[in-house]
Structure formats: structure tokens, C-alpha cells
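Working notes for the structure below.
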Amino acid sequence: MDDREKLLSALKEVRDDVDFEGQYGLVDEGVIDSLDLTQIIAALDEAFDIHIPAGEIEPENFNSVDAMLAMVQRYREA
């Protein structure tokens with residue numbers, strides 16, 4: 001399973017009613033709320049064995065799968 005598939009799997013566990021691959025503006029358009037965001041951060045921390053600091057919890061890092069994947073990859077390389 002590659003990182004994108006792992007990410008999508010983790011996101012589906014949090015909200016299986018959202019088309020994460022086809023949706024952009026997840027935070028900006030209110031598709032996911034603060035509770036969803038908290039659950040997504042926990043799921044990413046667990047799935048990728050990373051820690052996302054509070055300073056990275058910005059809408060632009062969670063508005064799309066591509067943005068989340070880029071953030072995950074930054075922390076895996078660090």
C-alpha cells in the first residue's frame with residue numbers, strides 16, 4: 001500500500017461519507033469540521049507514525065488529499 005492509499009484509508013475511517021479524492025477545500029468549504037480535523041490528525045499520526053505539531057494545523061494543510069499527503073511526507077522525511 002503506498003502513502004496515498006494509506007492516507008485515503010485513514011481518512012475513510014474518520015469520514016466514510018466524504019469523497020476525499022475528488023473534494024478540494026475540505027476545511028474552507030466546511031466539508032470537515034474541527035472534530036473531524038482532530039480525528040484526522042490522530043489517524044495520520046497513527047498511520048504514518050508522525051507527530052503533527054499545533055503550528056501545522058492550518059486549513060491549507062488539510063484542504064485536500066494532496067495537501068495532507070505533502071504534509072505527511074514532510075514529517076516522515078524530518
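The values are calculated or read from the model by the stated rules, or taken from the named source; none is laboratory data. Just so it is clear, the structure is predicted and the values come from calculations on it, not from any experiment. A quick note on method: Cβ atoms are made from the backbone with ideal geometry, for glycine too, and the neighbour counts reach across all protein chains shown.
Among the residues making up segment 20-75, those that are without any contact (Cβ under 8 Å) to a residue 40 or more places away in the chain and within 19 Å of residue 1 (Cβ to Cβ) are 40, 43, 44, 45, 46, 49, 50, 66, 70, 71, 75.
For (1) on the phi < 0 side of the Ramachandran plot; (2) not small (Gly, Ala, Ser); (3) not in a loop (DSSP other than H, G, I, E, B), each residue gets a yes or a no:
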residue	(1), (2), (3)
10	yes, no, yes
51	yes, yes, no
60	yes, yes, yes
70	yes, no, yes
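For segment 22-43, the criterion of being closer than 16 Å to residue 76 by Cα, buried (at least 16 other Cβ atoms within 10 Å of the Cβ) and either at pLDDT 95 or above or within 12 Å of the chain's Cα centre (by Cα) (or both) is met by at least one residue.
Restricting segment 44-58 to residues that are surrounded by fewer than 13 Cβ atoms within 10 Å (Cβ to Cβ) and of a type outside the set (A, V, I, L, M, F, W, C) leaves a set whose member that is modelled with the lowest pLDDT is 55. Residues that are within 11 Å of the chain's Cα centre (by Cα) and in a helix (DSSP H, G or I) were ranked within segment 12-21; the one that is surrounded by the fewest Cβ atoms within 10 Å (Cβ to Cβ) is 12.
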